[in-house]
Amino acid sequence: MLRRLNITAPYFNSLDSTGFLAVCISAGIYVTTQQAQDFKDVHGDRAIGRRTLPIIYPSIARYTMIVPMTVWSVCVVSVWDLDFVSSSAFHLLSMFVGVRYLTHTTIKDDRVSFWWYNVSVSINLSVCIMY
C-alpha cells in the first residue's frame, strides 16, 4: 500500500502577506499576458477553429502585450523596492518585449518575441520569489 509523503513543515501551512503578494503578482502577470503564446500560433489556431485574441481582435491584440508588460514592471519594481539599476533593467526588458510584439509581426518574429517574453516573465517571477 502506498502512503502519502508529507514533506511540509508545520510552519508552511499558510502564506504570510509577502508570499500572498508574490502569488497574486505572479498570477496577475500570467493572466494578463497569457496571449503572448497565441501570436506565434495564429495559423494553426485558425486552422483548428480556436478563437484566440490575435485571431478575434488582431488590430488591438498586440497592444494587449505592451500595456500589461509595462504596468507589471512598474508594479514589481515598486512593490519589491528594487534599486535604480535593477529597476531600469527591469523596465527596459519589459518595454523591449512589448515593443517587439508591436513592431515585429511575422510568425518568425513572434517566436523570437515569445522567447523574450519568457525571459522577462521568468525574471519577474524570480524577483517575486526572492523577496
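Each reported figure results from applying straightforward, stated rules to the coordinates on display, with no laboratory input. Computed from a predicted structure; not experimentally measured.
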* Structure fact -> Tilt, helix 84-103 to longest principal axis of the chain (alpha-carbon atoms), in degrees rounded to tens, equals 30 degrees
* Asked: Which whole-Hz couplings ³J(HN,Hα) result when phi for each residue of the range 43-51 is put into the Karplus expression 6.51 cos²θ - 1.76 cosθ + 1.60, θ = phi - 60°, listed in order with x for Gly and Pro?
  -> 5, x, 4, 5, 5, 9, x, 6, 10
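Based solely on its DSSP helices, what 222 nm [θ] is calculated for the chain when runs of n ≥ 4 H residues each add -39,500 (n - 2.57) and the sum is averaged over all residues, nearest 500 deg cm²/dmol?
After summing the helix terms and dividing by the residues of the chain, the value is -22500 deg cm²/dmol.
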* To do: Provide, in order from the shortest bin, the percent of all Cα-Cα pairs of the range 18-130 in each 10 Å bin, continuing until the bin that contains the maximum pair distance.
  => 15, 45, 28, 11, 1
* Using only Cα atoms, find the angle between the long axis of helix 107-130 and the longest principal axis of the chain, and express it within 0 to 90 degrees, rounded to the nearest 10. => 20 degrees
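Restricting to Cα pairs below 8 Å that are 6+ residues apart, what does the relative contact order work out to for the chain? Please round to a whole percent.
On the way: 94 pairs, mean separation 38.9, N = 131.
Relative contact order, the chain: 30 percent.
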